[in-house]
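Beneath this line is the structure, given in structure tokens, with notes to follow.
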Amino acid sequence: MTFSNSAKLNKLLAAQQHGFSLAQDFYKDIDVYHTEINQIFLKHWLYAGHVSQIPNTGDYITFEFDTESVIIVRTAQGEVKAHMNVCRHRGSRICLEKSGSQKALTCPYHAWSYDLDGELISARNMPDDFVPSDNGLHKVNITLIGGLVFVCLSKDPPSIDSLQKELEQIVDIFGINSMKLAEQKSYRIPANWKLAVENYQECYHCANSHQEFAKIHAMAKPPKLFQKAKTDYCEANQNDPKFAELNHYFDLAEQGQEGFQYDRNPLIRGAQSGSLSGKPVAPLLGSLQNYDGGASELMVGPLSYFLIYDDHMIGYRFLPISVDECICVVSWFVNGSAVQGEDYQLDELTWLWNVTTLADKKIIMNNQKGVNSRFYQPGRLSEMETFQQSFLDWYLKALVK
Ligand code: FES
Ligand SMILES: [Fe+2]
């Protein structure tokens, strides 16, 4: 019997009340954590990077969570492939850096060497009956969604056909295929990964904790005011395809397909982008001709989030390192033809989401400290935490699916 059908988990699930935060064990119990890794992180498509990070043959990036590490590499044929970063000799990590460029993937331990397709091409002094072709690197499923690289460690990944089709126009409008990564920062957070995800999914805390964000995003307003601003904004632009509303985040996931969601929201009147002044910080993206005072939210799979302003895109992912530590990776993308120093300045581009993420890190750490207390009990969620509630509903089902 696995933990996903154990009496302990069933008891926890049965006691969990809709409309309340999760019980302490969901944030602390090592068996719950291992179940999450198996049921969520090993089963879904996870955002690992962008093709612009590996333009040339041999360029690679690594993607890590929990105990796993994946190498994403540009092959000699120009394809993008993913291999487990685990040597087939005695298991050493092969690529030790976050990124680099190599003619071949050579293990630092005893120098077994693999070509960029993951085939073993050299291993010294092996017995006569050793078969190199049986010792290639484990392959990982990989797919590109508008140049964004997603990997799935399952043998049987959820389908992304409908997601690819429905997002095609959005990918095109913002030129996601041809964006380039301008900056990436990692924030280690001493808290369970769900506290980070839940925090990202609600703006109940925004007005309090993110003055900088609240000056730019209408979302930080009370629900009625925000809804009014959104209705006015969307009605005025309803024939524009970037105002499409695609809401398949959690329902598709139940039909063996990866869920996704896309939505457009207004900024505060007068703001054009997510920056200190609300003014643009980079050239317009893709085929956009003007700033319309909004930003798009895109979610691909349960754990990868993108916020698309008219002049830059932020990629957000939260990944567990262990039961009580996670990492938030924030990526800033600009139009592929923009030149740093001329068309954009890194400090201006990254300012808003750097201050916001640092503030969130503090909030999430303190949340975990309180959750660890003997006196913590699940608390009632507000009307501004409905999306967080949808995530929790999905999460609780995913644990036992
Ligand atoms: S563990 Fe990689 S060559 Fe020995
Ligand atoms: Fe926040």
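The values are calculated or read from the model by the stated rules, or taken from the named source; none is laboratory data. Because the structure is predicted, anything quoted here is derived from the model rather than measured. Quick reminder, even Gly has a Cβ in these numbers, built from the backbone with ideal geometry, and neighbours come from all protein chains shown. We work out accessible area using only protein heavy atoms, side chains counted, and drop any ligands, DNA or RNA first. Shrake-Rupley method; radii C 1.70, N 1.55, O 1.52, S 1.80 Å.
Keeping all protein chains in place, calculate the accessible area per residue for region 46-145 (probe 1.4 angstrom), answer in Å².
Counting only protein heavy atoms, the per-residue value for region 46-145 is 49 Å².
Leaving out ligands, DNA and RNA, what percent of the accessible area of the chain is carbon and sulfur, probe 1.4 Å?
So the carbon and sulfur contribution to the accessible surface is 49 percent.
DSSP H helices in the chain with Cα extent of 30 Å or more along the helix axis and mean Kyte-Doolittle hydropathy at least -0.5?
Taking the DSSP H segments of the chain (at least 30 Å long, mean hydropathy at least -0.5), we get 346-371.
Tell me the per residue accessible area of region 327-398 using a 1.4 Å probe; a whole number in Å² is fine.
On a per-residue basis, 50 Å².
Taking 25 °C and 0.890 mPa s as the conditions, I'd like the Stokes-Einstein D for the chain in µm²/s, using the Kirkwood hydrodynamic radius from alpha carbon pairs.
Estimated diffusion coefficient is 109 µm²/s.
Could you size up the charge dipole of region 46-145 around its Cα centre, putting +1 on the beta carbon of Lys and Arg and -1 on that of Asp and Glu, and report it in debye to the nearest 20?
With only Lys, Arg, Asp and Glu charged at Cβ, the dipole is about 200 debye.
How much net charge surrounds ARG264 when only other residues with a Cβ under 10 Å from its Cβ are counted (Lys, Arg +1; Asp, Glu -1)?
With Lys, Arg at +1 and Asp, Glu at -1, the net is -3.
Residue by residue, what Karplus-based ³J(HN,Hα) values in Hz, rounded to whole numbers, does region 136-148 have, using 6.51, -1.76 and 1.60 with θ = phi - 60° and x for Gly and Pro?
x, 5, 5, 7, 10, 5, 9, 9, 10, 10, x, x, 7
Give me, ordered by chain and number, the residues 5 or more places off THR106 or on other chains with an amide H under 5 Å from its own placed amide H.
So THR106 has HN proximity to TYR114.
I need the phi-derived Karplus couplings for region 306-315: 6.51 cos²θ - 1.76 cosθ + 1.60, θ = phi - 60°, integer Hz, Gly and Pro marked x.
9, 10, 10, 7, 5, 10, 7, 10, 10, x
Classify region 46-145 from the C-alpha gyration tensor, please: rounded if a/c falls under 1.5, else prolate or oblate depending on whether a/b exceeds b/c.
Cα axes put region 46-145 in the prolate bin.
Once fully extended, how much extra length lies between GLU235 and ASP129, figured as 0.36 nm per residue of separation less the alpha-carbon to alpha-carbon distance?
Fully extending the segment from GLU235 to ASP129 adds 31.1 nm.
Rounded to whole Å and sorted largest first, what semi-axes of the equivalent ellipsoid does the C-alpha gyration tensor of region 99-245 yield via the square root of 5 times each eigenvalue?
46, 21, 15
Figure the gain on full extension for GLU342 and ASP156 (residue separation times 0.36 nm, minus the Cα-Cα span) and round it to one decimal in nm.
Taking GLU342 through ASP156 to full extension adds about 62.4 nm, to one decimal.
How high is the FRET efficiency from PHE375 to LYS11, r the C-beta distance, R0 22 Å, rounded to 0.05?
Working from the Cβ atoms, E equals 0.55.
Calculate how many DSSP beta bridges within the chain are antiparallel, expressed in % of all such bridges and rounded to the nearest 5.
95
So which lysines can LYS185 reach, going by Cα to Cα under 18 Å and dropping same-chain residues fewer than 8 places off?
Excluding near neighbours in sequence, the set is LYS98, LYS361, LYS362.
Enter the accessible area per residue of region 146-248 (Å², integer; probe 1.4 Å; all protein chains in place).
I get 49 Å² per residue for region 146-248.
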